[in-house]
Amino acid sequence: MTVLMFASSCDQNQTDKLVNCKATSGTFEIVTAISIDYAENFTIIPLKDGYQVELIDPNTHIIERSYVFTYDQSKKGESIVHLPLENITAFSQTTIGMMSNLKALDQLSGILNINYVFDPQVKNDFKNGRITEFKDESNFSIEKVIEAKTSIIIYSGFSREFPQEKKLSKFNIVAIPDYDWRETHPLGRAEWIKFVGVLCGKLTEANELFHEIETKYKAMSAKVQMLIDRPSVVSGNFRGDQWTAPAGNSYMAILFNDAGADYIYRESKGTGSIFKSMERIILDTEATDFWINPGFSSNRQIIEANPKGKYVGPYKTKQVFCYSHEMNQYWERTAVEPHLLLSDFIHIFHPEIELDEAMHFYKKLED
């Protein structure tokens, strides 16, 4: 659709820090006041006919890629993506969760693996043949992508290069990394719903949803910040005798703090992972209250994987919790709904506080 005329209007919601100014032409609208308050790995710049989205390299903190999402169909170029996007392929589970929250799953046409999907609508659409499964991110069929009429592929961004990206560009199919998992604040991860809002033509709704999530998260955390008793927690799992744990500035460490707990490695540097020997973990956790995310569904599985696990402090007191029984739901929903994750941790660390909801993702491990 070529833009023929343009009009603008503004309205301010007094309960929202954003001034929602919109310019409308035909069937689309442009949000002209966009605030990115927590996310560090993308920006959105409003244009008269769409948005410029800049992806920021999480390692160097400089702009890695820049795209123009536009309703003006006359614009051409490798970085031009035409809106509206009706056929989005999401190799990232968190993108599916965000599209679900935006009620935009009708625009989802492709996924990586149905076995890793939680959303009932996506499962049903796959069963009915409306959604295509690609199985392997590193080796998929371009012909299949074309048959699915894919406009854009959103992938995890775990590797620097996306396979067959140049071949896809010849068919005007754009592959864009999703760096929400590299954000250092839980609300930074959730703020990627604004990026997905641009893709789905629902940035206004994304802004409103994020504001609700932020409000709930802060209110939940406020319940525990004045408590004197702060239990200690260790997080992570092991392969062989090496333990992988969140670094002290990671989003998980921030979640523990916001849930009223003291993470035993909160002083460690970095936003990714740190590594410890099993011997070090056993010594460090002798008096630790809770063990979160061992990566197993039962206490028995922990010991089968490494008999030394029985010497980890919280294992001895049977205070081990994991999301293993709700794996798909956890990966799909927690990025966009960190307030629910925070609620689970408050349930675990402060059972004396009465919350209106049961745990959403976590469960105490049984034998």
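The values are calculated or read from the model by the stated rules, or taken from the named source; none is laboratory data. No experiment lies behind these values; they were computed from the predicted model shown. So basically every Cβ, Gly included, is an ideal-geometry build from the backbone, and we count neighbours across all protein chains shown.
With in contact with a helix residue (DSSP H, G or I) (Cβ under 8 Å, 6 or more places away or on another chain), surrounded by fewer than 18 Cβ atoms within 10 Å (Cβ to Cβ), outside any strand (DSSP E or B) and free of Cβ contacts under 8 Å to residues at least 40 places away in the same chain as the only criterion, which of 310, 269 stands out?
Numbers: 269 fails: in contact with a helix residue (DSSP H, G or I) (Cβ under 8 Å, 6 or more places away or on another chain).
None of the other options fit; the residue is 310.
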Quiz prompt | helices (runs of 4 or more DSSP H) enclosed by segment 155-245 - at least 1 residues per element that are within 19 Å of residue 81 (Cα to Cα) and either of a type in the set (Gly, Ala, Ser) or at pLDDT 90 or above (or both) | solution = 165-169, 193-200, 203-222
Self-check item: Count of segment 103-130 residues which are more than 22 Å from residue 326 (Cβ to Cβ) and touching a Leu at 6+ places or on another chain (Cβ under 8 Å)
Solution: 1
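Any idea which of 71, 38 is in the same structural domain as residue 181 (by TED's automatic domain parsing), within 21 Å of the chain's Cα centre (by Cα) and among the hydroxyl-bearing types (Ser, Thr, Tyr)? Walk me through how you get there before you give the answer.
Numbers: 71 fails: within 21 Å of the chain's Cα centre (by Cα).
Unique residue meeting the criteria: 38.
I'm trying to understand the selection: among the residues of segment 249-262, which are part of a loop (DSSP other than H, G, I, E, B) and within 16 Å of residue 293 (Cα to Cα)? Break it down stepwise before answering.
Restricting attention to segment 249-262, the residues satisfying the condition of being part of a loop (DSSP other than H, G, I, E, B) are 249-250, 259-261.
Residues satisfying the conditions are 250, 259, 261.
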Practice problem: Report yes if residue 94 is in contact with a strand residue (DSSP E or B) (Cβ under 7 Å, 6 or more places away or on another chain) and surrounded by 19 or more Cβ atoms within 10 Å (Cβ to Cβ), otherwise no. | Solution: no
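Keeping to segment 123-153, report how many residues are over 29 Å from residue 170 (Cβ atoms) and surrounded by 19 or more Cβ atoms within 10 Å (Cβ to Cβ). Walk me through how you get there before you give the answer.
Taking segment 123-153 as the starting set, the residues that turn out to be over 29 Å from residue 170 (Cβ atoms) are 123-124, 127-128.
The next check asks that each one be surrounded by 19 or more Cβ atoms within 10 Å (Cβ to Cβ); those that pass are none.
The number of residues fulfilling the criteria is 0.
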Quiz item: Considering segment 70-114 alone, what residues qualify as being in a helix (DSSP H, G or I) and in contact (Cβ under 8 Å) with a residue 12 or more places away in the chain?
Solution: 93, 94, 95, 96, 97, 98, 99, 100, 101, 105, 107, 114
